[in-house]
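Below: one structure, written as structure tokens.
The values are calculated or read from the model by the stated rules, or taken from the named source; none is laboratory data. Please read all numbers here as calculations on a predicted model, not as lab measurements. Backbone-built Cβ (ideal geometry, glycine too); neighbour counts: all protein chains shown.
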């Protein structure tokens, strides 16, 4: 981990139509934008945020999704190399579909059951699973292999359950408290990668 992990931005968005492979249009909540000021975090996620398919995103165990900003240069290069983006423009907060854009805390530092606490907030979030990306993620990234790359490289971010509601905002330092440490996030996502390969 870097010196002090923190929230870079808190992001939310309504479910909107998204064009996916084959020209189909599906409802998706993957497009998030930063929230100004404090955002209320409740049992089912951020106020004002929506998920379209609750079988894979949202619910009590996947109420909040956190993603490390350190991975964005990798994704910029992946898109540029495939001709998706002609320029090396920065990917904006929320582009990965994350509710919390964070820095200083990577997947290798995180285990299922660890909890996050935040300076200046009563909010407590518990790590429940790595993200398992879907076709909607590939559509947003602009190339069909994006989901496989995310899982293979363990650049997946992580889902969080809300143990204690509260308010979160950009700039808040966050602190990881270890849980039982039975399964690391990287081990969990690599198990999913094995499933993808078969």
Can you name the residue in the range 173-190 that is outside any strand (DSSP E or B) and surrounded by 13 or more Cβ atoms within 10 Å (Cβ to Cβ) and, of all such residues, is modelled with the lowest pLDDT?
-> 190
For residue 47, work out the one condition from (1) touching a residue at least 40 places away in the same chain (Cβ under 8 Å); (2) in contact with a strand residue (DSSP E or B) (Cβ under 8 Å, 6 or more places away or on another chain) it doesn't fulfil.
-> (1)
Any idea which residue in the range 105-120 is surrounded by the most Cβ atoms within 10 Å (Cβ to Cβ), counting only those that are touching a helix residue (DSSP H, G or I) at 6+ places or on another chain (Cβ under 8 Å) and in a loop (DSSP other than H, G, I, E, B)?
-> 110
Of all residues in the range 26-81, which are touching a helix residue (DSSP H, G or I) at 6+ places or on another chain (Cβ under 8 Å), at pLDDT 90 or above and in a strand (DSSP E or B)?
-> 68
Per the list (1) assigned to a loop (DSSP other than H, G, I, E, B); (2) surrounded by fewer than 18 Cβ atoms within 10 Å (Cβ to Cβ); (3) modelled with pLDDT under 75, residue check on residue 22 breaks on (1)
